[in-house]
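Please read the structure below before turning to the comments.
The values are calculated or read from the model by the stated rules, or taken from the named source; none is laboratory data. All values derive from a computational prediction rather than experimental measurement. We place every Cβ from the backbone using ideal geometry, glycine too, and count neighbours over all the protein chains shown. With ligands, DNA and RNA removed, areas are computed over all heavy atoms of the protein, side chains included. Shrake-Rupley method; radii C 1.70, N 1.55, O 1.52, S 1.80 Å.
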Amino acid sequence: APMSPLVWGSQNEGLRGGTENVPGIAAAYLGARYTLVDRAAKNMRMLALKQYLVSQLAQEFNVCSYEQYAGIRAHNAAIGSNRVTVHDVLPGAAARALVDAGLAAPLFSPIPLPPLVIVLISTNTQCLPNTLLLSVVREAPPDVCNTRMKEDLERAGIIVSVGSACNTADPKASHVLYAIGADGYIRRGCLRISLGDETTKADIDRFLQQFVRIVTAIRDQ
């Protein structure tokens, strides 16, 4: 009796909707098995490499977390708009005494950022152990361009990303940076650096050599 197809399509004389990629299925299985074996130990090894990378960057440049950077920005914006006054930092009586003495000007001063700072956006312990998201921030013109940094690293044989893995064709900054309120400096200087199970300390040192060269040139412009 003629077979009735379960999935309609043009393969196998109309009996199937597609032909299974048996070699691909086997490769996917082996890849998944390799990835999952000793996963916790592999994660710890990559996390240690990422921490080593950050520690080496801190020896070459001013490094801060995104929370610190955003806090300084918010502080300076408040100072610039004269919104921070003695009433925000002193008890009522003490603040009134300064007001009466005509000294009720803002108590805080702006916090200057270094000429160039590397802002670590993904330092939280909940972040992936193999991924480091950072931004090279330099307020003085010309602006930092993450695409040019990426291309310079690629010429040295090092591959990084300026966006999310699923949206690499879009030159616009990641929508996540917009969602967290990242300013233009963060968006323009942002790079995503990913490690893998095969990454070695020698790979990190090679990246550091090239990255330090590129960022030092930007800093000294």
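Structure data summary
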read-out: Accessible area of segment 32-82 divided out per residue, in Å², using a probe of 1.4 angstrom; value: 59
read-out: Estimated inter-spin distance, Ala217 and Lys42, nm [label 7 Å along Cα→Cβ]; value: 3.5
read-out: Under the Karplus curve 6.51 cos²θ - 1.76 cosθ + 1.60, θ = phi - 60°, whole-Hz ³J(HN,Hα) for segment 37-47, x wherever Gly or Pro sits; value: 5, 6, 4, 4, 5, 5, 4, 5, 5, 5, 4
read-out: Interchain or long-range residues, amide H under 5 Å from Asn62's placed H; value: Ile118
read-out: Under-5 Å amide H pairs with Cys190, H placed in peptide plane, nonlocal only; value: Val136, Asn146
read-out: Label-point gap, in nm, between Val176 and Ala32 - each point 7 angstrom along Cα→Cβ; value: 2.4
